[in-house]
Amino acid sequence: MSATTAAPAQTTKTGGLLATIANNARQYGIVGALLIIVVVFQILTGGVLLKPNSFVSLIQQNAYVIILAIGMVMVIIATHIDLSVGSLVAFIGGICALLMERQGVNWGLAILISLLVGLIVGVWQGFWVAYVGIPGFITTLAGMLIFRGLATVLVGESVPITSESFRGIARNYLPNVLGWWGPFDGLTIVLGVACIAAFAWSQLHKRIRAQRVGLVPEPMSLTVIKIVVAALAIGFVTYLLASSGNADQGGTPIMLVIVGVLVLIYNFILTKTVFGRHVYAVGGNRKAAELSGINTRRVDFTLFVHMGFLSAVAAVCMLSRLASATAQAGMEFEMDAIAACFIGGTAVTGGVGTIPGAVVGAFVMGVINQGLSIMGVDTAIVKTIKGLVLLGAVAVDIMSKRKKR
Amino acid sequence: MNDMTPLLEIKDVSKRFEYVEALKSVNLTIGRREVVALVGDNGAGKSTLVKIIAGLCQPTSGGLVVRGEPVRIGDVRDANALGIVSVFQGNELCENLNVAANLFLGRELRTGCGIRDENAMVVRARAVLDTLSSSIQVGRPVASLSVGQRRIIAIAKTLLSEPDLVVLDEPTDSLSVMQTAEVLEYTRRLRAEGRSVIMVCHDLPDVFAVADRIAVLRQGRIIAVHETCETSYEQILAEMAGIVDEDADGRGDESDGVPAGGAVGYRIRVGTSRRLIERRGEQSGLPV
């Protein structure tokens, strides 16, 4: 059978640990860069960066960037951009706050309505981009102005949130159902071990599947290295989380669960579904996608609906964290999300990018932010440094591609 | 459905762009199991005609009839649903995806609920590439393939959807001699499998190598349709250039052509050549 004969012939061509790493230099490079940045700031902050509670606040403070970056990376892969997400965070956050505080709506229902508003806004923007043909840049630039304006009209000065349950979303941890195992939260340790097992299983499963259909799997040594590095990283994070918190509660923050679930779902959509394939196809070569019978308009439309939904999730998280709706909420969030995508290896020209990459990109920005603010560096300087990091990351990407040619 | 019903009839199709009349009352019939080449100088209207068939643009007037039924081909998906697939030069593939992904683009195999069946696609893609005597690996990114290999992938895509009519736009353009041979062989194979092919081609030797009939377009009109075995390079070239009309070519008496509707101001010879008889004979099982 061809499957069995093809495999060894192909292995000799592509095999080798170093060759595989070199081929995926961008992906491994960004993870390496994140590790280096973490180590550097750990030293510069005298070990404060990776203290359990400081790590939890790193996650809680950057959850919104990750949530927005999930949608943004898909939008950018399809060669669009969304500049309106920051304004949407203010607008939808404002609606959510007004529902709870002025209309007396239950906080759960208020969240549902907010998500629905996000979907409707997504439909609105998707319509203009996909069916009228206005470039995403223009449509969402208009959206940025429209929704910031509406947010100001709705919210006025500010609307403080009184619901403790709602405020708990951004502050609380998963309940300590398994008790304390020494100084550690039991549930967090179980979740951490489960994550390591799931990662190892997915990597091994990928190899077996590739071999079964006669494709070249990555070298076994690389798979092992990946699993070991991931196990160490997840293990360390689990240790930090399990020992985080205060006298009342601790362990896994709810925000991390929300972000984790969204990352898993959207990564599945982007890598395993037909829709995900079409997103890459539209970004890689829109004309070819059209000629292949892909409904490119529907792909564009659906992407903006997803982006609207994720903006609403970010709005709810942000509102919970700030405990007050203001018209200025979410200012420049779109820029953070876009920067996270590009630092995480998304191609400027579209067609290339991953959600895990964008998450790593978001963490690079987050760690720099957090590290510099612990060191007491002025926010203006923090901004400058973030800008330089973005420029540097994309420059390295573009130059490495040029070299390959 | 009657097997003698033509696969595709182009009826009185005109296409007007803002200032240009790209097609003027074009009539052409594509039968089953035949390769029809469209030739003509730049701007003759070949591309516009195949775009209309592929669903990429709409005729200003006139229409298409597929298997005896008048149809409206609004987009590529409509065309695919009618069994018409197209390969357009230069726009065939997504560079960021691998070979298997490109082969199945737009008709991905699924396990259900919109989830792709990657295994099945890899296995099937390899099977199709094996039949093409091609050494292309299905897991390779398309960006790493040569022009010829890409063309093969683009054409192999058509095999997967089992179309009745394949539209090839400049299939041999910028290919090496060997690659051209492979593409031409592939075109013959489509015909042998019972499919029809419309190919737009600049290269007359390639046209003469595979086409059963050659339609010459000039200034938006079909000025002649020849059985390949009854015409010559010189005649086609002259017609493309507009030097010769049908009475001056001196070949009018040789063909047993009958005038057929279509090109305004010209006579189209629709011969019943020996070749066609042979093929019909094969099809119907009659002795030739």
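Among A:Ile189, A:Ile111, which is the only one that is at pLDDT below 95, in contact with a Phe, Trp or Tyr (Cβ under 9 Å, 6 or more places away or on another chain) and either in a helix (DSSP H, G or I) or assigned by TED's automatic domain parsing to the domain that holds A:Ala327 (or both)?
A:Ile189
What about A:Val352, is it among the β-branched types (Val, Ile, Thr) and in a helix (DSSP H, G or I)?
no
Could you identify the single residue in A:Leu240, A:Leu232, A:Leu256 that is touching a Leu at 6+ places or on another chain (Cβ under 7 Å), away from chain B (no Cβ under 14 Å) and not β-branched (Val, Ile, Thr)?
Of the residues listed, the single one that is touching a Leu at 6+ places or on another chain (Cβ under 7 Å), away from chain B (no Cβ under 14 Å) and not β-branched (Val, Ile, Thr) is A:Leu240.
Going through A:Phe309, A:Phe268, A:Phe301 one at a time, which residue ends up being modelled with pLDDT of 95 or more, within 14 Å of chain B (Cβ to nearest Cβ) and part of a helix (DSSP H, G or I)?
A:Phe268
Give the stretch B:150-178 a look and list any residue that's among the small types (Gly, Ala, Ser), touching a residue at least 60 places away in the same chain (Cβ under 8 Å) and assigned to a helix (DSSP H, G or I), or say none.
B:Ala154 - this is the single residue of the stretch B:150-178 that is among the small types (Gly, Ala, Ser), touching a residue at least 60 places away in the same chain (Cβ under 8 Å) and assigned to a helix (DSSP H, G or I).
Taking interchain pairs and intrachain pairs at least six residues apart, which have beta carbon atoms under 6 angstrom, with the first residue in the stretch B:120-146 and facing chain A (nearest Cβ under 7 Å) and the second in a loop (DSSP other than H, G, I, E, B) and aliphatic (A, V, I, L, M)?
Going by the 6 Å Cβ cut-off, the qualifying pairs are B:Val122/A:Val213; B:Val122/B:Val138; B:Val123/A:Val213; B:Arg126/B:Val138; B:Gly139/A:Leu215.
Restricting attention to the stretch B:139-149, does a residue exist that is in a strand (DSSP E or B), of a type in the set (Ser, Thr, Tyr) and over 20 Å from A:Leu215 (Cα atoms)?
Within the stretch B:139-149 (the criterion being in a strand (DSSP E or B), of a type in the set (Ser, Thr, Tyr) and over 20 Å from A:Leu215 (Cα atoms)), the answer is no, since none of the residues qualifies.
Looking only at the stretch B:77-94, count how many residues are at pLDDT below 90, farther than 16 Å from B:Leu160 by Cα and within 8 Å of chain A (Cβ to nearest Cβ).
Residues meeting the conditions: 2.
Only strands (runs of 3 or more DSSP E) wholly contained in the stretch B:9-83 count here; list those with 1 or more residues that are closer than 13 Å to B:Val200 by Cβ.
Filter on the stretch B:9-83 gives B:21-30, B:35-40.
Any residue at all in the stretch B:209-216 that's modelled with pLDDT of 90 or more, surrounded by 17 or more Cβ atoms within 10 Å (Cβ to Cβ) and among the basic types (Lys, Arg)?
There is at least one residue in the stretch B:209-216 that is modelled with pLDDT of 90 or more, surrounded by 17 or more Cβ atoms within 10 Å (Cβ to Cβ) and among the basic types (Lys, Arg).
The values are calculated or read from the model by the stated rules, or taken from the named source; none is laboratory data. Please read these numbers as outputs of a predicted model, since none were measured by experiment. Note that we place each Cβ from the backbone using ideal geometry, even for glycine, and neighbour counts take in every protein chain shown.
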